[in-house]
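Each reported figure results from applying straightforward, stated rules to the coordinates on display, with no laboratory input. The structure displayed is predicted, hence computed values, not measured ones. For neighbour counting, all protein chains shown are included, and Cβ atoms are generated from backbone atoms with ideal geometry for every residue, glycine included.
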Amino acid sequence: MDDLGNALLKKHHDAHVAYWSAKGGEGYDVNRFDEGFRSGWEDALQGATDDSKLEERKEQHIASWGPSPVIWEWEHGYKEAITAKTSGEQP
């Protein structure tokens, strides 16, 4: 990832952790969120402006990491990265 992507990953990671910590912090996997964000950012760098590659990339993630009841976290990270990149968000 580029420097902007890394800075935004940290920002979104910290917000994700803070949100779920305030909700009790049980049963989530922030590593999946981070991996989703990385995948989404890379797709956005290649020109993706929506989540049209989400299912394909999610299947690649599951093949690599295994299935999870919290796969929604990967999806959430992916979508946040696409939105951050296409909106021009800054850290």
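Estimated from helices alone, the mean residue ellipticity of the chain at 222 nm is -24000 deg cm²/dmol (sum of -39500 (n - 2.57) over DSSP H runs with n ≥ 4, per residue). For region 16-59, the orientation-averaged shadow of the C-alpha convex hull comes to 3.7 nm² (one quarter of the hull surface). Quarter the surface of the alpha carbon convex hull of the chain and you get the mean projected area, 5.6 square nanometres.
For the chain, the residue among 88, 60, 13 whose Cα projects farthest onto the positive side of the dipole built from Cβ charges is 13. In order along region 75-88, the phi-based Karplus estimate (6.51 cos²θ - 1.76 cosθ + 1.60, θ = phi - 60°) of 3J(HN,Hα) comes to 4, 4, x, 4, 5, 4, 5, 4, 5, 4, 5, 6, 8, x Hz; Gly and Pro are listed as x. This ranking places 82, 62, 71 by how few other beta-carbon atoms lie within 10 Å of each, fewest first, which gives 62, 71, 82.
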